[in-house]
Amino acid sequence: MTAGKDLTPREIVAELDRYIVGQAAAKRAVAIALRNRWRRFRLPEELRDEVMPKNIVLVGPTGVGKTEIARRLARLAGAPFVKVEASKFTEVGYVGKDVDSMIRDLVEAGVALVREERQKEVQPRADELAEERLLDLLLPGSRDSTREKLRGMLRAGGLDDRTVEVDVQERATPTMQIFGTQGMEEMGLNLQEMLGNLPFGKNSKKRKLSVPEARRLLAQDEAEKLVDKDSVVREALDRAQSNGIVFIDEIDKVALPAGQAHGPDVSRGGVQRDLLPIVEGSTVNTKYGPVKTDHVLFIAAGAFHLAKVSDLLPELQGRFPIRVELEALSQADLVRILAEPRNALTRQYTALLGAEGVELVFDPSGIEELARVAQDMNTRTQNIGARRLHTVLEKVLEDVSFAAPENAGKTVRVDAQYVREKLERVLKDEDLSRYIL
């Protein structure tokens with residue numbers, strides 16, 4: 001049982017700052033929640049089970065970083081993470097996904113995470129075994145001296161243009177599918193797995209592949225064989241129960257605004273009641289085994305434009321004791337978002353066009369103008385936060401992106417004048433700007 005990486009709250013905030021601009025209060029709240037997990041694992045066992053996670057509600061408009069904070073936090077912790085939309089769930093008895101499915105998805109994420117880690121650990125050995133299998137395919141029954149010579153050629157890339165015939169395991173897709181309500185999707189998963197394990201469920205097919213591709217496929221096959229599936233499942237279940245993070249987006253969509261207790265949205269209250277036992281702590285059956293949700297960290301988020309956090313069921317509110325309000329983004333924040341994070345849009349576009357041989361240079365004046373236009377559009381129309389930058393940048397770079405293959409070797413400087421030229425026609429026409437930006 002682990003508590004993720006040993007990071008102090010200050011270090012966690014510093015890591016989040018590398019990708020997310022502003023929102024200091026939200027970063028501090030999630031950093032404390034993550035550190036509390038580390039603290040919990042250092043308590044005596046009888047007290048450890050009594051310490052429950054302090055779930056968090058993030059309140060703020062779209063595009064200000066709510067989802068990104070939760071996703072980056074899970075990556076920092078090496079924890080299974082799943083994002084769900086509360087509006088996709090329905091009360092038991094209605095058609096739609098039941099709330100238990102979020103825990104089943106969390107376990108699946110945990111299995112994938114642990115499997116990937118284990119495969120990385122055994123990769124060197126898997127590469128060795130794949131190389132031996134590939135040498136057998138290239139020159140069956142070769143002598144030691146010939147084999148070593150061939151090995152040297154293989155490692156030097158001298159055989160990359162050759163093809164080999166490889167047996168590839170292909171699983172036949174079962175034609176039976178089950179549709180239904182609660183628990184039925186789980187039954188469908190188990191049936192598919194059962195049918196896939198039957199003799200007719202697997203099919204070995206010979207395929208001609210280039211040597212590099214065959215090597216990659218064989219290494220992947222060997223890594224899967226070297227990993228103990230049972231231990232992967234055991235650790236995944238443990239991680240999901242102890243370190244799992246569930247991000248419930250659009251929680252405000254299932255809140256009942258004051259005075260509304262009937263009408264077409266009456267099932268919202270039912271979804272809240274179904275969420276309650278999961279968040280409080282219960283046992284959910286998955287195809288890998290039962291999972292207790294007592295120590296899963298739940299982070300809920302919503303814009304709460306029409307409803308308020310106080311419109312949620314009192315019992316559900318009580319299970320989210322930490323409430324953090326995220327600030328709307330200013331023009332200065334948008335400038336920083338374009339320039340500072342490691343995954344900044346300007347860096348992404350520079351790298352994308354660099355692949356075509358076009359050098360894209362963003363002038364500080366250009367970044368300022370991009371932020372000004374995005375902020376202006378957020379003010380005039382719907383405020384979609386930093387997501388507006390995607391729209392504006394895509395429109396500004398549309399021409400250079402389209403003609404990039406013919407402009408290899410050229411440099412394009414994106415300054416304020418360049419941005420205004422590309423957006424002039426759109427910004428002049430109010431209706432057009434609303435439609436395009």
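The values are calculated or read from the model by the stated rules, or taken from the named source; none is laboratory data. Because the structure is a prediction, the values reported are computed rather than measured. Reconstructed Cβ throughout: ideal geometry from the backbone, glycine too, with neighbour counts over all protein chains shown. These area figures cover heavy atoms from the full protein model, side chains too; ligands, DNA and RNA do not enter into them. Shrake-Rupley method; radii C 1.70, N 1.55, O 1.52, S 1.80 Å.
Of the accessible area of segment 217-356, with the probe set at 1.4 angstrom, what percent is carbon plus sulfur?
On the way: 3290 of 6510 Å².
With neighbouring chains kept in place, the figure for segment 217-356 is 50 percent.
For Lys422, the lysines whose Cα comes closer than 25 Å to its Cα, not counting residues fewer than 8 places off in the same chain, are Lys395, Lys410. Cross-linked pairs Lys66/Lys120; Lys54/Lys83; Lys229/Lys287: Cα-Cα separations exceed 22 Å for Lys66/Lys120. Among the GluC sites (Glu not before Pro) found in segment 204-245, not one is both in a DSSP coil and sparsely packed, with 11 or fewer other Cβ atoms within 10 Å of its Cβ. Accessible area of Met153 (1.4 Å probe, protein heavy atoms only, ligands and nucleic acids ignored): about 80 Å².
Return the loop-located chymotrypsin sites (Phe, Trp or Tyr not before Pro) in segment 26-113 (DSSP other than H, G, I, E, B) with at most 16 other Cβ atoms within 10 Å of their own Cβ; answer none if there are none. Each step should come with its number before you reach the end.
On the way: sites: Trp38, Phe41, Phe81, Phe89, Tyr94; in loops: Phe41.
In loop regions of segment 26-113 (DSSP not H, G, I, E or B), the sparsely surrounded chymotrypsin sites (Phe, Trp or Tyr not before Pro) are Phe41.
In the full protein context, segment 301-426 carries 53 Å² of accessible surface per residue, based on a 1.4 Å probe and ignoring ligands, DNA and RNA.
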